[in-house]
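Coordinate-derived values only; no laboratory data. All figures in this text were calculated on a predicted structure; none of them were measured in a lab. Ideal geometry is used to build each Cβ from the backbone, glycine not excepted, and the neighbour counts take in all protein chains shown.
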Amino acid sequence: MSNIVALILATMVLVMIPGPNVALIIANSLRHGLKFGLLTTLGTTTGVAIQLFLVVGGMAAVIELAASSLLWIKWLGVAYLIYLGIRTWNEPTGNLAEMPAQTQAGSFWRGLAFAVINPKTLLFNAAFLPQFAAAGGDAPGQLFVLAGVFLTVILVGDSMWAIFAASARNSLKNCEKIRNKVTGGMLCGAGLGLAVSRRSL
């Protein structure tokens, strides 16, 4: 039980430090509202879950291959996010309700793809999660439980980021220029955060 508590506390600290996933969640929450932010959160958490599946499955060779294969895809994601950030930054002001919104399904799939293509989180999860497995236990079974706890904390914590950003969005309804700058900055931040991620930890 102590290892579960330690994992929860460690994961809470990680969630409190905004990374690329959180930057994307905040950007979508500010631009499109809470529902889109929460769907982005669900997408990024699902992406992390896919990475954890590789970790729990003990597929070290697959993890290494996946990390290598994702590098070029990662740079496409970086370019796309920075492009969106610059476009949003320079977007003219207007009624918030009149701004075009991406589809709800699009929020989920973009979040999932963004989380999956980050090789740093893939290798970080491979190194992070096993540290909380108790010695002498059923390693695969423990890792499945730890992965479930880890994902739950991430989902709840990142949802809180989405709620916070959506609340800020409501206060910026009459300050669209500021909202565009903040949203564009968060998108660029997400792209730069992905850009500086490396395969080595």
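Ranked by Cβ crowding within 10 angstrom, fewest neighbours first, how are THR45, THR183 ordered?
Details: THR45 22, THR183 26.
If I rank by nearby Cβ atoms, fewest first, I get THR45, THR183.
Please arrange PHE164, PHE128, PHE36 by counting, for each residue, the other beta carbons lying within 10 Å of its beta carbon, fewest first.
Numbers: PHE164 14, PHE128 19, PHE36 26.
Listing PHE164, PHE128, PHE36 from fewest to most nearby Cβ atoms yields PHE164, PHE128, PHE36.
Starting from 0.36 nm per residue, how many nanometres of slack lie between ILE8 and ILE50 once their C-alpha separation is accounted for?
13.2 nm
Using each residue's phi in the range 21-34, evaluate 6.51 cos²θ - 1.76 cosθ + 1.60 at θ = phi - 60° and report the 3J(HN,Hα) Karplus result to the nearest Hz, with x for Gly and Pro.
Ordered by residue, 3J(HN,Hα) equals 4, 5, 4, 5, 4, 5, 4, 5, 5, 5, 7, 10, x, 4 Hz.
Kindly list the residues of the range 23-44 that lie in the label zone of TYR83, defined by a backbone N under 19 Å from the point 7 Å along the Cα-to-C-beta vector.
Inside the label zone: 24, 28.
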